[in-house]
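All remarks here apply to the structure that follows.
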Amino acid sequence: MQKLFLLASLLMGLSAPGWAQEQADSRAVAVADEMVEAMGGQTAWDHVRYLRFDFVVEREGAEVARVRHLWDRHLGRYRVEWKDREGRELQAFFNVNTRSGRVWVHGEPARDEDEQTHLDRAYGRFINDTYWLLMPWKLKDPGVKLEYVGERRLAGQTYDLLHLSFDNVGLTPGDHYWAYVNRTTRRMDRWAYFLQSFEGAPSLEKATSWRWQEWEDFGGLRLSREKVQEVGGTRIHFPVLAVLERVDDRVFESPETVLPGEP
């Protein structure tokens, strides 16, 4: 799962956009602005304090991976829980700005020689999984090269097609993305990506395409809860997704403290 879905993008931690208009044409900027407004506007995003979500991968109707996240956007505190390939239960507590923190394995502190490896993987989960949830808010971050490709028709719907590439930022700066912005709703109905790990020259024809579905309102912020791969039907969804105003501070410190929203 990690090799397929860790398409990690930017390092900026999804803060307010840098509005890098010198790297974007005016039509692309206008489309991106309209999309932000359709998702609730920049003010709604800026007011989000805590973001809680589960990142779940399903193949052929069976859950194959689940990663639990909690993010304090104002202070950078982060908690992520997942099971690695060896079946170990990991809990990482760190700050996305400093990337320093602590890790527990099966409820016990990680060995010193393993902790940094686990922290690096936890940070990779933060970068990857938040991008699957929040990419439409990231089009004008610093280092993003934004280009208007043109109009496209798919399944009877008209889209404005945007192309994103990166100027030496992020964990995988060679990635390319195409965003299909619905002319009617101004939401992103689908994306396609060509990762730097793929063979050959980047192109839309060789890109992997996913539908972005189940857009819902979370206190004025609109997010897509489900992504479905066009070929193969793999599904990534967020069965737990909440914008919270407050949480117990111990949730960022103690592995015994249960994440909010747990069943």
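The values are calculated or read from the model by the stated rules, or taken from the named source; none is laboratory data. In this text the structure is predicted, and so the values were computed from the model without any measurement. These accessible areas exclude ligands, DNA and RNA; they are computed on the full protein's heavy atoms, side chains included. Shrake-Rupley method; radii C 1.70, N 1.55, O 1.52, S 1.80 Å.
Where the accessible area of region 150-219 is counted over protein heavy atoms with a 1.4 Å probe, how much of it, in %, is carbon and sulfur?
Numbers: 1440 of 3270 Å².
C and S atoms contribute 44 percent here.
Can you give the calculated 222 nm mean residue ellipticity of the chain, where each DSSP H run of n ≥ 4 adds -39,500 (n - 2.57) and the sum is split over every residue, rounded to the nearest 500 deg cm²/dmol?
Numbers: 4 runs with 45 residues, N = 263.
After summing the helix terms and dividing by residue count, I get -5000 deg cm²/dmol.
Could you give the accessible area per residue of the chain, probe 1.4 Å, as a whole number in Å²? Could you put the intermediate results ahead of the total?
Working: 11960 Å² over 263 residues.
Using a 1.4 Å probe on heavy atoms only, each residue of the chain averages 45 Å².
Between helix 26-38 and the chain, what is the angle of the helix's C-alpha long axis to the longest principal axis, kept within 0 to 90° and rounded to the nearest 10?
In the chain, helix 26-38 runs at an angle near 50 degrees to the longest axis.
Compute the acute angle (0 to 90°) between the alpha-carbon long axis of helix 112-134 and the principal axis of greatest extent of the alpha-carbon atoms of the chain; round to the nearest 10°.
With rounding to tens, the tilt is 30 degrees.
Beyond a 26 Å Cα-Cα separation, which of these cross-linked pairs lie in this structure: LYS83/LYS227; LYS145/LYS206; LYS83/LYS140; LYS83/LYS138? Don't skip to the end; give the middle numbers.
Numbers: LYS83/LYS227 22 Å; LYS145/LYS206 20 Å; LYS83/LYS140 33 Å; LYS83/LYS138 28 Å.
Flagged as over cut-off: LYS83/LYS140; LYS83/LYS138.
Would you work out the relative contact order for region 144-263, in percent, from Cα pairs under 8 angstrom that are 6 or more residues apart? Kindly include the intermediate steps, with their values, before the conclusion.
Values: 198 pairs, mean separation 14.8, N = 120.
The normalised contact order for region 144-263 reaches 12 percent.
How much accessible surface does HIS74 have with a 1.4 Å probe, in Å² rounded to 10?
110
Quick one: with all protein chains in place, what share of the accessible area of region 58-143 is carbon or sulfur, to the nearest percent (1.4 Å probe)? Don't skip to the answer; put the middle values down first.
Working: 1640 of 3810 Å².
C and S atoms contribute 43 percent here.
Given H placed 1.01 Å from N in the peptide plane, which residues other than close sequence neighbours of VAL149 have an amide H under 5 Å from its amide H?
Here LEU161, LEU162, HIS163 satisfy the definition.
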